[in-house]
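Okay, structure first, notes after.
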Amino acid sequence: MTYLTSSWNLVIDRKGQKELGKKRIYNSAFKERGCADVVKWDVFPIRDGERIKVAFESASSAWRQGVWLKTDKGILVNGLRCQSAELWKDKAPAEVICECLTSDGFLSIYNIWDRGNGRESQAWSSGMLIESCQRGRRYRCNDIGFDTHFDKMVFRIERVSK
């Protein structure tokens, strides 16, 4: 069963910012509505060769939900090396182990969804509420709309002990 979509698209920083993928990006639309802690793009500090576990907890959307991951040197998922990876909750195992390859020490993360016309992300009202957990972070996601409980998908990223 295939659960990984490999994406070789380059991230283009149209504003010329060299920090893209190196620091957290907050959703300004939620901030304007008094919720300044909604994250559009998270950055998780990692070491080269470090293994992480993506653990899907729940989803409550009519649309397909997933997570996008990227490092500067690629990610190994199920023996496949890719520049960025899309893991979809409906196709992936509940827990997926990934090996992160990096020289800059950053793993980029954001939520994705599909309403039937292909992957979507980074919408005006999309984002994640993030909380620390024992070995990583829990992400509570929203896809579209400001009337939300951030429960469209919930997942964790955890460090895996060797």
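The values are calculated or read from the model by the stated rules, or taken from the named source; none is laboratory data. Please read these numbers as outputs of a predicted model, since none were measured by experiment. Here Cβ is always computed from backbone atoms with ideal geometry, including for glycine, and neighbour counts include all displayed protein chains.
Checked against (1) surrounded by fewer than 21 Cβ atoms within 10 Å (Cβ to Cβ); (2) among the polar types (S, T, N, Q); (3) touching a Phe, Trp or Tyr at 6+ places or on another chain (Cβ under 8 Å), THR102 passes all but a single condition, namely (3). Residue count for the range 131-157, restricted to those that are buried (at least 19 other Cβ atoms within 10 Å of the Cβ) and not in a loop (DSSP other than H, G, I, E, B): 9.
When the residues of the range 1-45 are filtered to those that are of a type in the set (Val, Ile, Thr) and at pLDDT below 80, the one that is nearest to THR71 (Cα to Cα) is VAL11.
The residue that is farthest from LYS70 (Cα to Cα), among those in the range 106-154 that are small (Gly, Ala, Ser) and within 16 Å of the chain's Cα centre (by Cα), is SER125.
When PHE155, PHE150 are checked against the criterion of being in contact (Cβ under 8 Å) with a residue 12 or more places away in the chain and either of a type in the set (D, E, K, R) or on the phi < 0 side of the Ramachandran plot (or both), PHE155 stands alone in meeting it. Annotation: of all residues in the range 23-46 being within 14 Å of the chain's Cα centre (by Cα) and assigned to a loop (DSSP other than H, G, I, E, B), the one that is surrounded by the most Cβ atoms within 10 Å (Cβ to Cβ) is VAL38.
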